[in-house]
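Okay, so here's the structure we're looking at.
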Amino acid sequence: MPAKDTARPIALTRPIALIGPMAVGKSAIGQQLAHQLGSPFVDTDVVVVSNHGSIAEIFASRGEHAFRELEARAVARAVEDAQGSNTVISLGGGAVLDSGTQQLLQRCTVVYLECDADTVAERIARNSGRPLLAGDAMERWKTLFATRRPVYERLADLVLDVRTGSVPDLAHRLVDALRGYTAGTTPAVPEPAGTKEVKK
């Protein structure tokens, strides 16, 4: 089967920000998307960790409020540095709760990676290092998701259903959706996972 054409450039001069809950695959899909676009990739959680130590250590020694401040600065720097490009930026699950970050995301094409608890259950079970999921991890995830979901939906320009499909397939679908979005047309809804444009 011939490789899908990903060489045709996307006329996009705004950063692409991926948002969504913990463990949905923002980093993996973001890296793959950036590869397919030939664009830089920035994971703001990685930026925080590289500059300040692990997220768990920051929570333990300085508290969640301090982490959120560091996170907001990392997002602001990433968005500012990416202006005029189609740099792909992956945000932590709770980054969208910051009002300043919400304003900055107006300068990006925002993609919400949509899922459900079943989508992330196995990943969460394998990773016990998330401080906000201490205790009953799945119940904590569901509670956080219920709180944050309206924010994700409100900020999104595009919504990518990630319940099914491999990381490369999902990135391909997102590339196609971005092409339609930047061309001013509503993206097709491919199977088995869909991508839809959010009218604002």
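The values are calculated or read from the model by the stated rules, or taken from the named source; none is laboratory data. None of the values given here were measured: they were computed from a predicted structure. Using ideal geometry, Cβ is built from the backbone for each residue, glycine included, and neighbour counts are taken over all protein chains shown.
Residues that are over 21 Å from THR119 (Cα atoms) and either out of contact with any strand residue (DSSP E or B) (no Cβ under 6 Å at 6 or more places or on another chain) or not aliphatic (A, V, I, L, M) (or both) within segment 12-42 comprise LEU12, THR13, ARG14, PRO15, HIS35, GLN36, LEU37, GLY38, SER39, PRO40, PHE41, listed in sequence order.
Annotation: of all residues in segment 142-200 being of a type in the set (Asp, Glu) and assigned to a loop (DSSP other than H, G, I, E, B), the one that is modelled with the highest pLDDT is ASP157. Within segment 81-136, the residues that satisfy the criterion of being modelled with pLDDT of 85 or more and touching a Phe, Trp or Tyr at 6+ places or on another chain (Cβ under 6 Å) are VAL88, TYR112.
In segment 13-55, the residue that is modelled with the lowest pLDDT out of those that are part of a loop (DSSP other than H, G, I, E, B) and surrounded by fewer than 17 Cβ atoms within 10 Å (Cβ to Cβ) is THR13. Exactly one residue out of THR101, THR119 is free of Cβ contacts under 8 Å to residues at least 60 places away in the same chain and either in a helix (DSSP H, G or I) or within 19 Å of PRO150 (Cβ to Cβ) (or both), and it is THR101.
Look at segment 11-33: where a residue is under 22 Å from GLY180 (Cβ atoms) and a partner is surrounded by 24 or more Cβ atoms within 10 Å (Cβ to Cβ) and aromatic (Phe, Trp, Tyr), sitting 6+ places away or on another chain with Cβ atoms under 6 Å, you get ILE19/TYR112; GLY20/TYR112. Take the conditions (1) more than 21 Å from ALA146 (Cα to Cα); (2) crowded, with 18+ Cβ neighbours inside 10 Å; GLY63 misses just one of them, which is (2).
I'd like the full set of residues that are of a type in the set (S, T, N, Q) and under 15 Å from the mean Cα position of the chain (by Cα), limited to segment 84-105. Residues satisfying the conditions are ASN86, THR87, SER90, THR101, GLN102. For residues that are under 17 Å from SER54 (Cα atoms) and of a type in the set (A, V, I, L, M), scanning just segment 76-98, find the one that is surrounded by the most Cβ atoms within 10 Å (Cβ to Cβ). Looking at residues that are under 17 Å from SER54 (Cα atoms) and of a type in the set (A, V, I, L, M), I get LEU91.
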